[in-house]
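The block underneath contains the structure these notes are about, expressed in structure tokens.
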Amino acid sequence: MVKVKDRMSRKLNTLPMNSTALDAAKTLTDNKFSSIFIEENGQIAGVVTDTDLIRKVMAPEKSPANTKVGDIMTKNIISIDLNSSLTQASDLMDKSYIRHLGVTENGKIIGVISVRDLIHPVYTDGEGW
């Protein structure tokens, strides 16, 4: 059984809480990320996704330069243990209508897994198309 820890990214990409939505958009674009964790006092306080930027900043016509990530982030990060299966991760994403999960070890977020990470092994292992 392939586990979350086998496909997750252990690099936690973060921005400080006082960053703006514009900072988040630039970071996501420049690094080809679709989510970024928000940090406060050395702790993960939330997550901002590209979808958050569209729905919470662009669609309501807020100023990206004047909107703080702390105001648009998701505070309750949906997460999964690193020893869970990819099937469990996929089911949780599907049930929660999200594309990213925080990955935890002993209750602490240590990485992220995305829907893309779930699809990638199917394609590259020759089991897909």
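The values are calculated or read from the model by the stated rules, or taken from the named source; none is laboratory data. This structure is a prediction, so every number in the text was calculated from the model and none was measured. No Cβ is skipped: glycine too gets one built from the backbone with ideal geometry, and neighbour counts run over all protein chains shown.
Which pairs do you get when a residue that is among the hydrophobic types (A, V, I, L, M, F, W, C), found in the range 69-93, comes within reach of a residue that is exposed (fewer than 14 other Cβ atoms within 10 Å of the Cβ) and part of a strand (DSSP E or B), reach meaning Cβ atoms under 6 angstrom, with the pair 6+ apart or on two chains?
Listed by first residue and then by second, the contacts come to 82/105.
Does at least one position in the range 75-85 carry a residue that is surrounded by fewer than 16 Cβ atoms within 10 Å (Cβ to Cβ) and over 27 Å from residue 4 (Cα atoms)?
The answer is no, given that none of the residues of the range 75-85 is surrounded by fewer than 16 Cβ atoms within 10 Å (Cβ to Cβ) and over 27 Å from residue 4 (Cα atoms).
Could you tell me whether residue 95 is among the basic types (Lys, Arg) and in contact with a strand residue (DSSP E or B) (Cβ under 6 Å, 6 or more places away or on another chain)?
No: the conditions fail for residue 95.
Please go through the range 14-34 and pick out each residue that is at pLDDT 95 or above, within 13 Å of the chain's Cα centre (by Cα) and outside any helix (DSSP H, G or I).
14, 15
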